[in-house]
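Working notes, beginning with the structure itself.
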Amino acid sequence: MEEEARVKKGSRVCVTGAGGFVASWLVKLLISHGYHVHATVRDPCDNKNSHLKKLENASENLQLFKADLLDYDSILAAAAGCEGVFHVASPVPTTKVPNPEAQLISPAVTGTQNVLKACSALRVKRVVVVSSVVAVTLNPHWPKGKVMDEECWSDPEHCRMTENWYYLAKTLAEADALKYAKENDLDVVTVCPSMVLGPLFQPTANFSTLFLINILKGLRESKENRLYHIVDVRDVADALLLVYEKPEASRRYICASHPIKIREVIDTLRSVYPNYSYLNNLTEVDYDHLMTSEKLKKLGWKCRPLKETLINSVESYKEEWYCTHFWKKTKRNQEESGRKKEKSGRKKERVEGKRVD
Ligand SMILES: NC(=O)c1ccc[n+]([C@@H]2O[C@H](COP(=O)([O-])OP(=O)(O)OC[C@H]3O[C@@H](n4cnc5c(N)ncnc54)[C@H](OP(=O)(O)O)[C@@H]3O)[C@@H](O)[C@H]2O)c1
């Protein structure tokens with residue numbers, strides 16, 4: 001009973017990086033569960049955060065705070081009065097970054113430390129830190145073929161050597177967070193989502209959304225037919241709330257639902273949307289890793305079917321302004337390719353002497 005009283009459902013909580021893909025769904029979920037949310041954004045006036053104010057009950061249950069992860073005081077002010085903090089913010093690069101130390105590692109590592117220090121100072125009851133499976137999978141010492149679980153950590157040296165800077169940033173940030181928790185008696189739980197897809201309602205596309213859009217558009221010339229563990233953004237939000245509310249939640253949770261190869265993703269999408277260009281020239285690879293979310297499932301986590309996630313994603317892209325150009329262009333390409341096919345068909349028929357008009 002005493003344990004149950006640790007965090008109060010429906011109390012005041014803070015979410016960092018609230019305008020992002022994952023955090024937007026989390027804020028929506030928290031408000032729908034009656035929580036009062038302190039949402040940090042770097043620029044409250046930027047249109048990319050405007051969707052937050054449109055959430056149901058936002059006028060009563062949502063407050064925006066201007067905060068940067070590298071500015072301790074701004075984090076302290078945003079988390080003041082909160083029982084719980086969800087630290088979601090982190091740079092997630094969509095292209096190669098010229099200065100990984102300043103652009104990725106420092107905001108992830110020092111930023112997480114700032115959040116945790118503020119939580120200690122404010123006696124926050126539980127902190128949920130969003131890490132990533134990139135902090136799990138880059139481990140050359142893990143036995144080949146063994147399913148990866150929460151015991152597996154990416155090797156920082158290997159990340160450095162292979163210049164996987166985002167992997168390095170997330171690995172260091174998560175490891176530091178759990179170390180800080182132990183040394184400072186702060187209740188910290190980390191969640192490591194895999195590739196997050198699903199509908200978005202913010203007006204900008206994040207890394208994983210672009211990943212799916214690129215598959216639909218067939219943008220890259222070639223890609224490895226790798227195994228991804230795809231998880232729905234709404235299921236990630238559920239997982240974050242679950243580990244926050246369950247008293248017995250502790251340390252680290254992998255949040256990865258459907259292992260699937262890119263080719264199967266394409267086949268699934270093609271069965272519903274036959275007319276997009278899609279990625280082809282997939283090259284086969286043999287270094288896939290399997291992961292398990294058993295620990296999270298034991299806590300009560302459930303996830304929706306992958307096909308639902310993929311369809312809901314594509315449908316939401318059609319609605320968003322940033323994809324207007326893409327869909328128009330795709331439609332134009334389809335019309336053009338239709339016209340070309342028709343023309344070459346007419347030519348063929350003339351050659352074969354079949355055409356009568
Ligand atoms: N998407 C995935 O597939 C995936 C998978 C596993 C883990 N994750 C983790 O999930 C979290 C959210 O990812 P996402 O996909 O939702 O990314 P996102 O949409 O790009 O959101 C990232 C958020 O972090 C904020 N941020 C970045 N640097 C900051 C700084 N210095 N100070 C304050 N805020 C800062 C961004 O604010 P601005 O809008 O101001 O830039 C943005 O709101 C991240 O921790 C990421 O590592 C994502």
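Just a few scattered comments:
- Some residue of the range 345-352 being at pLDDT below 75 and of a type in the set (A, V, I, L, M, F, W, C): yes
- For the range 201-246, taking the residues that are acidic (Asp, Glu) and closer than 23 Å to Leu26 by Cα, the one that is farthest from the ligand (Cβ to nearest atom) is identified as Glu245.
- Subset of the range 224-239 [buried (at least 18 other Cβ atoms within 10 Å of the Cβ) and under 20 Å from Val92 (Cβ atoms)]: Tyr228, His229, Ile230, Val231, Asp232, Val233, Arg234, Asp235, Val236, Ala237, Ala239
- Within the range 240-255, considering residues that are farther than 15 Å from Ser32 by Cα and in contact with a helix residue (DSSP H, G or I) (Cβ under 6 Å, 6 or more places away or on another chain), the one surrounded by the fewest Cβ atoms within 10 Å (Cβ to Cβ): Pro247
- Note on the range 73-116: residues that are outside any loop (DSSP other than H, G, I, E, B) and more than 15 Å from the ligand (Cβ to nearest atom) total 1.
- Residue check, Lys170 basic (Lys, Arg), within 10 Å of the ligand (Cβ to nearest atom) and within 18 Å of Thr94 (Cα to Cα): yes
- Considering only residues in the range 249-259 that are of a type outside the set (S, T, N, Q) and modelled with pLDDT under 95, the one that is farthest from Asn225 (Cα to Cα) turns out to be His258.
- For Ala181, the conditions (1) more than 10 Å from the ligand (Cβ to nearest atom); (2) in a helix (DSSP H, G or I); (3) under 30 Å from Tyr276 (Cα atoms) are fulfilled apart from (3).
- Residue within the range 40-60 that is within 8 Å of the ligand (Cβ to nearest atom), of a type in the set (A, V, I, L, M, F, W, C) and closer than 17 Å to Val191 by Cβ present: no
- Screening the candidates Ala175, Ala181, Ala169 for the property of being closer than 24 Å to Leu70 by Cβ and in contact with a Phe, Trp or Tyr (Cβ under 9 Å, 6 or more places away or on another chain) yields one hit, Ala175.
- Scope the range 289-321; condition of a type outside the set (A, V, I, L, M, F, W, C), surrounded by 14 or more Cβ atoms within 10 Å (Cβ to Cβ) and in a loop (DSSP other than H, G, I, E, B); matching residues: His289, Thr292, Ser293, Arg304, Glu320
- Restricting the first member to the range 198-212 and to residues that are without any contact (Cβ under 8 Å) to a residue 60 or more places away in the chain, and the second to residues that are within 10 Å of the ligand (Cβ to nearest atom), the beta-carbon pairs closer than 7 Å and six or more apart or on different chains are Phe211/Met195.
- Among the residues listed as Lys182, Lys170, Lys217, Lys223, the single one being of a type in the set (D, E, K, R) and touching a helix residue (DSSP H, G or I) at 6+ places or on another chain (Cβ under 6 Å): Lys170
- Restricting the range 23-34 to residues that are surrounded by fewer than 24 Cβ atoms within 10 Å (Cβ to Cβ) and touching a residue at least 60 places away in the same chain (Cβ under 8 Å), the residue that is farthest from the chain's Cα centre (by Cα): His33
- Looking across the range 117-131, the residues that are out of contact with any Asp or Glu (no Cβ under 8 Å at 6 or more places or on another chain), of a type outside the set (Val, Ile, Thr) and not in a helix (DSSP H, G or I) come down to Leu122, Arg123.
- Residues satisfying the stated conditions in the range 235-265, i.e. more than 17 Å from Val129 (Cα to Cα), in contact (Cβ under 8 Å) with a residue 24 or more places away in the chain and part of a helix (DSSP H, G or I): Ile262, Arg263, Val265
The values are calculated or read from the model by the stated rules, or taken from the named source; none is laboratory data. All values reported here derive from a predicted model rather than from experimental measurement. Glycine gets a Cβ as well: all are built from the backbone with ideal geometry, and neighbour counts include every protein chain shown.
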